[in-house]
Amino acid sequence: METVEAAEGAGGSGGPGGLICASFNQDTTSLAVGTKNGYRLFSVTSVDRLDRVHESKSPDVYIVERLFSSSLVVVVSLSMPRRMNVYHFKKGTEICNYSYSNNILAVRLNRQRLIVCLEESIYIHNIKDMKLLKTLLNTPINPTGLCALSINHSHSYLAYPGSSAIGEIIVYDANNLSTVTKILAHDSPLAAITFSSSGTKLSSASERGTVIRVFSVPEGLKLFEFRRGMKRYVSISSLSFSTDAQFLCASSNTETVHIFKLEQHSHSRDEESPTWSAYVGKVFSAASNYLPAQVSDMMNQDRAFATVRLNVFGQKNVCALSTIQKLPRLLVASADGHLYIYNVDPQDGGECVLVKKHRLFSSDEDEEEASESEVTAAPVSQSYAATVAMPSTVPSSSAMTGYSEDGGVKKGEVIPEHEFAASPVCLDDENEFPPINSCHGGSLSEKGRRT
């Protein structure tokens, strides 16, 4: 689940046309966008159509996260940046809300946990009843709210920066509420982190944006190292694995999106079918043993398997790899207000083909224009068959008795402003999870444990 904010923090004014944020859900079947005039949820299961699932007129939404394809959605607005609202959008019901002592910078979800990240603290909630389980206080300063949560809820690994000076990653088990490992990933501070869908791989990039690394989880061993480029430092805004973790895409503030292939090079295969490139590779490999470490590392770093050249430059975007209609696609939601869909050739890679461009909304928020899609000249390519793996206004709920830990509000603690739905709310969509069956009125008696 990746997120891009067109607004800089909780006080930004949004991107062109009023786009403030965009995020894919955990399995890349849905796209959520927040704008000056509200937020929208789209179904991303077809190339030709972008079906609008839901729309709300809640203004200035800068965080909107949907739990898989369920009706549970988490919303944070610029008007109340310290307050998180959890809704059942199909019923138009507020499940609960929480207020914190500082601005909310990020929210992450899986079927067991809800994570709220502030600049110097992280809150771990049980998503089944929204109770606060743990508060990680005095975490390293994290002004962008950088964090990642594994969608595999059997362990619910949480990753966040372990330092504001270097690229250290702390991997935390949000189920057992304990630290798993620390990974020294980069020399400079972190810019992006993400888990594979199984939670067994973790990818990271630093603020320099030149090298992307992949580590094993929970061991923390380096598995792969990719070089995005050498000519310039860039700001990597998005990292995303394919479902089978065979590919990794990275987008930045440049016009290029890179796709890397996670494969171990076989020396035996090179010996069986020797080629000029294999011979040159052996020469470089042998030479690297006699070169300085920095030069040797650079020679052993893999380059992009496939690339995309965007038509926009300097716009923030979020990318994701998905299988749509049995073919691998690259999805790019851009701050220019469009969703771009590209074909990816999993065998040969190369330059990806743009097959569809969807408009997420129009500048004047016209209802009809917002639902239209712009078709590009390139047809949907079927040259390869391989795959990798209604409008409603959010109601306000009546205020209930709140709570605060230890009876006061200290740095990083929850402010005693919690409101719950008047009756239990269940998510009753087909195969929907989890059922919210414990959101009753009254105060919470369980104290959140803190470290």
Worksheet, complete the sentence: Counting only protein heavy atoms with a 1.4 Å probe and every protein chain in place, the carbon and sulfur fraction of the accessible surface of the stretch 45-159 in whole percent equals 44 percent
Worksheet entry | Separation in nanometres of the label points that stand 7 Å from Cα toward Cβ, at Ser46 and Ser164 | 4.9 nm
Worksheet item: For the stretch 198-242, what is the charge dipole size about the Cα centre, in debye to the nearest 20, if Lys and Arg each add +1 at the Cβ and Asp and Glu each add -1 at the Cβ?
Response: 260 debye
Worksheet, complete the sentence: With +1 at each Lys and Arg Cβ and -1 at each Asp and Glu Cβ, the charge dipole magnitude of the stretch 81-181 around its Cα centre, to the nearest 20 debye, comes out at 480 debye
Worksheet item: If Lys and Arg each add +1 and Asp and Glu each add -1, what is the summed charge of the other residues whose beta carbon sits under 11 Å from the beta carbon of Phe305?
Response: -2
Worksheet item: R0 = 56 Å: FRET efficiency of Glu263 with Asp129, Cβ-based, nearest 0.05?
Response: 0.85
Fill in: Calculated FRET efficiency for the pair Glu225/Glu255, C-beta based, R₀ 35 Å, to 0.05
0.90
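The values are calculated or read from the model by the stated rules, or taken from the named source; none is laboratory data. None of these values were measured; they are calculated from a predicted model. With ideal geometry, Cβ positions are generated from the backbone for all residues, glycine too; neighbour counts draw on all protein chains shown. Just the protein is used for accessible areas: all its heavy atoms, side chains included, with ligands, DNA and RNA removed. Shrake-Rupley method; radii C 1.70, N 1.55, O 1.52, S 1.80 Å.
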